[in-house]
Structure formats: structure tokens, C-alpha cells
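Colleague: Once you've had a glance at the structure underneath, I'll fire off some questions.
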Amino acid sequence: MKILVLNCGSSSLKYQLFDMNGETVLAKGLVERIGIAGSRVKHKSASRGDTVRECDIPDHTEAIRIVLDLLTGPDTGVIKSLDEISAVGHRVVHGGEKYSKSVLVSDSVISSIEECTYLAPLHNPANLAGIRALQHSLPGAPNVAVFDTAFHQTMPPEAFLYGIPYKYYEKDKVRRYSFHGTSHMFVSERAAELIGRPAKELRLVTCHLGNGSSITAVEGGRSVDASMGMSTVPGVLMGTRSGDIDSAVVLYLVEHEGSVQRVSDILNKESGIVGISGLSSDLRDICEASVEGNERANLTLRMLGRSVKKYIASYAAIMGGVDAVIFTAGIGENSDTTREMSLEGLEFMGIKLDKAKNEAVRGVEAEISAPDSPVKVWVIPTNEELMIARDTLKLTKK
Ligand code: AMP
């Protein structure tokens, strides 16, 4: 059974075609600059090599037409006919309170995703554009929506409510949702397999540290607290987002910067790693600059490590202990410096890193805690696309 997975952004589209017999990737790629001059598609397949196609791509419908063409084309194709695609899984950023699991797309699901647009104004419209374009181009294939927020719907109200008048939750569902749920679910399930104990018995802190980052307390296989909020700004220091901030600072910025939009740009695009370092949002640049003695780069690393450490310790407190800490995503999988700085000083709660193992691990599954560490520490590469494909298979298998 072949399943196509789509992740649509406002001007981009990532795709992977899976053969679910063996969960192998047949082809994958990225469409960039949709609706902007200079659009192009980068298509990769193990059997047919890499292809770059530069052409006018005005909208998601055209992007998907080109992707389907590449998947079946005489020089680039990996399937003979589109009929071989049994179903399509879509990453959808916000499912609000309605969706705690993935669902088969129907008209009412589309309306619900539209209703959540006020919570994810940049993402949900792009995700819907992808679903609609697919329905148009591949009318016979069922579509499945896999929500970034779904895994966190198990958080109790004491975790998801803000300490503001309750009416704002009742009226407009102002609350913590948090994101990256598909990734936290994938690595927590994999952690249970690797540790060799049922997920139901485990207390995990999963650290998804990428350009956007979030940390989750996973108790008994369920998210019980998570660091992002109603938006993707809160939590740890991120590439361009501030992470946790005093709301009075936001009010101060609104007063002094003149407009809410300007402050939104500051908090979302100019803060975090790039804001503190003044150099780059890419942690590789910061690590290099720090080695060369750049003090602001060094400060950025210390702030990042400290913010991750606070969440690990506080989530251990929430769960009454922790069995394993998991690092994933670009920074979590690759930056031994960040992992070490995040765990330094946590020996008091049973976390003992094996420094040599930690330094050696980049982008592969590995245990990096010392053999006698009561709390295990693992690096587990995330695979949100595979998780989406698995859910799609589950919901569409006859
Ligand atoms: P993601 O959003 O998951 O793709 O992660 C992107 C982030 O991972 C960027 O900040 C990259 O700089 C960071 N990253 C990737 N490789 C490394 C590395 N070897 N060392 C430090 N950071 C890395």
C-alpha cells in the first residue's frame, strides 16, 4: 500500500511517498516559493536520483499537479499510475479542542479546520489549500488530517489553562494547545520500544529542539504538559522566537514599537537565538562563533541550555519523577553542546550523561546516559512523516 504524505506551508510543500510494506520512502521532495517568483521543485528518489524543476507555480493546486507528475513521469517516476496511491496524509497544524486523534477528511472536518484558523492564521489555510488541491487532483484517494495539536489534548485543565479570567477560555478557547504533537508521539513510542518497557509505565520528557522547539511531559504514553502555548512563541529559546516571556514585556513593546503586528514580528521572527546572538538563527553558526570566543554566541548557548533544563526538571516534578529524557529534531539530534548544557547539574535527580557517547552522537538513535544513570537519556531522530503515514494507513485500511 502506497501513501503520500503532504506538509503544506504558506509558500512551500514537502512531500514523501511511502511504501507501507516495509515503511520505505520511494520518493520525497520540496516545492518552494509557491506563488512567488522563482518557484522550484526539488525531487529525490533512491531509484531515480535527484531532479530540480524550475517553473511557474502560482498555487498549491499547480504544486500538487507537478508533484504527481514527478511521481509518475517517465524519467523521475517511482509508480506507474496515480491509482497506486491508496491514501494521502496531511499535516494540519491546529485542530483546536475538537481533535485528539487523526481523522478521515470530510466536509465537516474541513469546516472545523477552517474554524480553527483564528488559532493558526498562517498554517491552517495552507494546510487546507493542500487538502483541497489533493481532492481536486486525486479525487479517488481518501485524505487523512493529522494534527500537531492532537497528542496534547490529554493535558489536564490545570496544565492547559492560563491564569486569566475563565470566561476567555469559555468564550474563545484561549488556552495552551502546544504543537509538534506528532513528533513527541513518535519519539515517546519509540523510546518505550528502545527501553523495553510498556509506554503505560513510563514517565518521559521529550525535547523536540529544532528551529521551533517544544518540550513535553509524557506520562503513561499521554502528554500531560507541554511548553508551547496557544501560539508557538512560548517555551524554550528558539531560532527566531523568544520562548517564555513576561506579558508585561509584550505590553511594553506594544507601547514603544507602535503596533501589535510589529511586536508579533519581533517575538516570532527577530527574537530567540538570532535576537540574543545578533548573528544567526542557525545553531551551527552559534556553536562555531562560540568556539571562536564570541561572548554573545556563548550567552545564547547558555540561555538555551538553561531554558531546556528548567523544563526537564519541572516536568519531572509534575510526573513525580522521570524514567528517560529524549532529544530529537535538528538541534536535539545533532548538538551535543546543547544536550550537555541542558543536562548539566541534573545529576541530583538521577541524570548522568556519558560525555564521550554524547559527543559522538549526531542524527542517529543512541543512548547517551552513563550505564549507571538511573534516568536514561536517548537521542531519537524524529520522523513526523512516517507517523502521519502510519495514521493514514490505520484510518484507511479496509
Ligand atoms: P529543524 O527545525 O528540526 O530542522 O532543526 C533546525 C536546527 O537544527 C537549526 O538551528 C540547525 O542549526 C540545527 N542543527 C542542525 N545540525 C546541527 C549541528 N550539527 N549542530 C548544531 N545545530 C544543528
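Colleague: Evaluate E = 1/(1 + (r/R0)^6) for LYS44 and ALA356, where r is the Cβ-Cβ distance and R0 equals 22 Å; express this FRET efficiency to the nearest 0.05.
Modeller: 0.05
Colleague: Can you pull the percent of Cα pairs in the range 317-397 with separation above 17 Å?
Modeller: Tail of the P(r) past 17 Å holds 50 percent of the pairs.
Colleague: Distance between Cα centroids, the range 104-141 to the range 248-290: provide it in whole Å.
Modeller: Using only Cα atoms, the two centres lie 31 Å from each other.
Colleague: Then there is this: Place a point 7 Å from Cα of LEU30 in the direction of its Cβ. Which residues in the range 240-254 have their backbone N less than 17 Å from it?
Modeller: Counting only backbone N, you get 240.
Colleague: Is there a quick way to get the dipole size of the chain? I mean about its Cα centre, with the Cβ of Lys and Arg at +1 and of Asp and Glu at -1; what is the value in debye to the nearest 20?
Modeller: With only Lys, Arg, Asp and Glu charged at Cβ, the dipole is about 660 debye.
Colleague: Sticking with this structure for a sec: Report relative contact order for the range 271-338 in percent, whole number only (criteria: Cα-Cα under 8 Å, sequence separation at least 6).
Modeller: It rounds to 21 percent for the range 271-338.
Colleague: If I build a Gaussian network model for the chain, linking alpha-carbon pairs within less than 10 angstrom, which residue out of CYS207, CYS287, CYS55 has the largest mean-square fluctuation?
Modeller: Fluctuation is largest for CYS55.
Colleague: How many times 2.2 N^0.38 Å is the alpha carbon radius of gyration of the range 83-135?
Modeller: In units of the 2.2 N^0.38 Å rule of thumb, it is 1.12.
Colleague: Which residue, chosen from ALA37, GLN261, LEU70, occupies the Cα position most advanced towards the positive end of the dipole of the chain, where the dipole is computed from +1 (Lys, Arg) and -1 (Asp, Glu) charges on Cβ about the Cα centre?
Modeller: Working it through, the farthest residue towards the positive pole turns out to be LEU70.
Colleague: Taking the range 1-81, which trypsin sites (Lys or Arg not before Pro) meet the DSSP loop condition and have no more than 10 other C-beta atoms within 10 Å?
Modeller: Here the trypsin sites (Lys or Arg not before Pro) that fit, given the DSSP loop and packing criteria, are LYS80.
Colleague: Which entries of LYS28/LYS394; LYS14/LYS394; LYS42/LYS376; LYS14/LYS376; LYS171/LYS394; LYS28/LYS101 show an alpha-carbon separation above 30 angstrom in the structure shown?
Modeller: From the list (LYS28/LYS394; LYS14/LYS394; LYS42/LYS376; LYS14/LYS376; LYS171/LYS394; LYS28/LYS101), the Cα-Cα distance tops 30 Å for LYS42/LYS376; LYS14/LYS376; LYS171/LYS394.
Colleague: Distance from a point 7 Å along Cα→Cβ of TYR169 to each backbone N in the range 81-115: keep the residues under 14 Å and list them by number.
Modeller: Correct set: 97.
Colleague: Please list the radius of gyration and Dmax for the range 117-192, considering alpha-carbon atoms only, with Å as the unit.
Modeller: Rg and Dmax of the range 117-192, Cα atoms, are 16.1, 47 Å.
Colleague: Over the range 1-93, what lengths in whole Å, largest first, do the semi-axes of the equivalent ellipsoid take, defined as the square roots of 5 times the eigenvalues of the alpha-carbon gyration tensor?
Modeller: Numbers: eigenvalues 88, 46, 23 Å².
Rounded to whole Å, the semi-axes are 21, 15, 11.
Colleague: A follow-up question, please. If you roll a 1.4 Å probe over the range 36-105 with all protein chains in place, what percent of the accessible area is carbon or sulfur?
Modeller: So the carbon and sulfur contribution to the accessible surface is 48 percent.
Colleague: Could you tell me the relative contact order of the chain? Use alpha-carbon pairs under 8 Å, at least six residues apart, and round to a whole percent.
Modeller: Once divided by the residue count of the chain, the mean separation gives 13 percent.
Colleague: Once the Cα gyration tensor of the chain is diagonalised, what are the square roots of 5 times its eigenvalues, in whole Å and ordered largest first, as equivalent ellipsoid semi-axes? Working shown, then result.
Modeller: Values: eigenvalues 223, 127, 106 Å².
Rounded to whole Å, the semi-axes are 33, 25, 23.
Colleague: For the range 23-125, with only Lys/Arg (+1) and Asp/Glu (-1) charged at the beta-carbon, what is the dipole magnitude about the Cα centre, in debye rounded to 20?
Modeller: With Lys and Arg at +1 and Asp and Glu at -1, about 360 debye.
Colleague: I've got another one for you. Given PHE160, CYS116, TYR177, which one lies farthest toward the positive end of the charge dipole of the range 65-180, if we put +1 on the Cβ of every Lys and Arg and -1 on the Cβ of every Asp and Glu?
Modeller: Positive-end residue among those listed: PHE160.
Colleague: Go through VAL25, SER10, THR232 and say which Cα lies farthest out towards the positive end of the charge dipole of the chain; charges sit on Cβ, +1 for Lys and Arg, -1 for Asp and Glu.
Modeller: VAL25
Colleague: Roughly how many Å² is the accessible area per residue of the range 95-231, as a whole number, for a 1.4 Å probe?
Modeller: Here the residues of the range 95-231 average 42 Å² of exposed surface.
Colleague: Going by the alpha-carbon gyration tensor, a ≥ b ≥ c the square roots of its eigenvalues, is the range 229-312 rounded (a/c under 1.5) or, if a/c is not under 1.5, prolate (a/b greater than b/c) versus oblate?
Modeller: prolate
Colleague: What does the range 1-159 give for Rg and for Dmax, in Å, if only its C-alpha atoms count?
Modeller: When restricted to the Cα atoms of the range 1-159, Rg and Dmax are 16.0, 56 Å.
Colleague: Taking the Cα centre as origin and putting +1 on Lys and Arg beta-carbons and -1 on Asp and Glu beta-carbons, what dipole magnitude results for the range 113-220, to the nearest 20 debye?
Modeller: Around 80 debye, computed over the range 113-220.
Colleague: So what's the projected area for the range 276-324, the Cα convex hull averaged over all directions, in nm²?
Modeller: Mean projected area for the range 276-324: 4.1 nm², to one decimal.
Colleague: From the Cα trace of the range 176-230, what convex hull volume per residue do you get, rounded to a whole Å³?
Modeller: Dividing the Cα hull volume of the range 176-230 by its residues yields 62 Å³.
Colleague: Viscosity 0.890 mPa s, temperature 25 °C: what is the translational diffusion coefficient of the range 258-397 from Stokes-Einstein with a Kirkwood Rh over Cα pairs, rounded to a whole number of µm²/s?
Modeller: Value of D from the Cα-based Kirkwood radius: 145 µm²/s.
Colleague: Now a separate question. Compute the orientation-averaged projected area for the range 158-202 from the convex hull of its Cα atoms and round it to one decimal in nm².
Modeller: Values: hull surface 17.1 nm².
Seen from a random direction, the Cα hull of the range 158-202 projects 4.3 nm² on average.
Colleague: Could you state the angle between the C-alpha long axis of helix 384-396 and the longest principal axis of the C-alpha atoms of the chain, as a value from 0 to 90 degrees rounded to the nearest 10?
Modeller: Helix 384-396 sits roughly 50 degrees off the main axis of the chain.
Colleague: Determine the relative contact order of the range 42-82: mean sequence separation of Cα pairs under 8 Å and six or more apart, normalised by residue count, in whole percent. Provide the component values of the computation, followed by the final result.
Modeller: Working: 32 pairs, mean separation 14.5, N = 41.
Here the relative contact order equals 35 percent.
Colleague: Which GluC sites (Glu not before Pro) from the range 61-135 combine a DSSP loop assignment with at most 16 other Cβ atoms within 10 Å?
Modeller: Filter output for the range 61-135: GLU97.
Colleague: Near LYS309, within a Cβ-to-Cβ distance under 14 Å, what is the net charge of the other residues, with Lys and Arg +1 and Asp and Glu -1?
Modeller: 0
The values are calculated or read from the model by the stated rules, or taken from the named source; none is laboratory data. As the structure is a prediction and not an experimental result, all values here were calculated from the model. So basically every Cβ, Gly included, is an ideal-geometry build from the backbone, and we count neighbours across all protein chains shown. Remember, those area values only see protein heavy atoms, side chains included, never the ligands or the DNA or RNA. Shrake-Rupley method; radii C 1.70, N 1.55, O 1.52, S 1.80 Å.
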